[in-house]
Amino acid sequence: MVLAYMFESSEVIRFSQSPTGGGKTNPAWDFQLLIPNLREGIEYSYRARIIYKPFISAEDITLEYFSWKRGLH
């Protein structure tokens with residue numbers, strides 16, 4: 001199986017882990033969207049996709065990403 005996180009944003013995406021975020025024995029895996037020069041009054045957003053499916057190849061995931069990107073605009 002493969003779990004792939006895909007982000008459209010050109011900003012920096014940082015992955016992080018909190019050892020107790022989901023409870024005593026359940027760590028939380030999170031991501032943070034970093035926006036340089038953040039300005040008040042501006043609405044910021046991002047688009048993302050998560051895929052969970054049988055693993056075929058790295059090339060298959062790349063094709064999934066570009067297929068998703070083509071459909072966004």
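Bear in mind these aren't lab numbers, they're just calculated from the coordinates by the rules spelled out. The shown structure was predicted, so the numbers you read here are calculated from the model rather than taken from an experiment. A quick note on method: Cβ atoms are made from the backbone with ideal geometry, for glycine too, and the neighbour counts reach across all protein chains shown.
Considering the options Tyr46, Ile56, Pro36, tell which one lies farthest towards the positive end of the dipole of the chain, charges being +1 on Lys and Arg and -1 on Asp and Glu at the Cβ, about the Cα centre.
Toward the positive end, the furthest listed residue is Ile56.
Of the labelled options (i) 16, 40, 27, 14, 3; (ii) 15, 35, 35, 14, 1; (iii) 18, 55, 25, 1, which one gives P(r) over Cα pairs in 10 Å bins from 0, in percent as computed for this structure?
Recomputing P(r) over Cα pairs in 10 Å bins from 0, in percent here gives the entry labelled (ii).
Farthest toward the dipole's positive end in the chain, which of Gly71, Phe7, Pro19, given Cβ charges of +1 (Lys, Arg) and -1 (Asp, Glu) about the Cα centre?
Positive-most Cα among the choices belongs to Pro19.
What does the charge dipole of the range 1-59 about its Cα centre add up to, to the nearest 20 debye, if the Cβ of each Lys and Arg holds +1 and the Cβ of each Asp and Glu holds -1?
With only Lys, Arg, Asp and Glu charged at Cβ, the dipole is about 220 debye.
Once phi is turned into ³J(HN,Hα) by the Karplus curve 6.51 cos²θ - 1.76 cosθ + 1.60 with θ = phi - 60°, what whole-Hz value does each residue of the range 50-61 show in order, with x for glycine and proline?
Result, rounded to whole Hz: 10, 10, 10, 7, x, 6, 10, 5, 4, 5, 4, 5.
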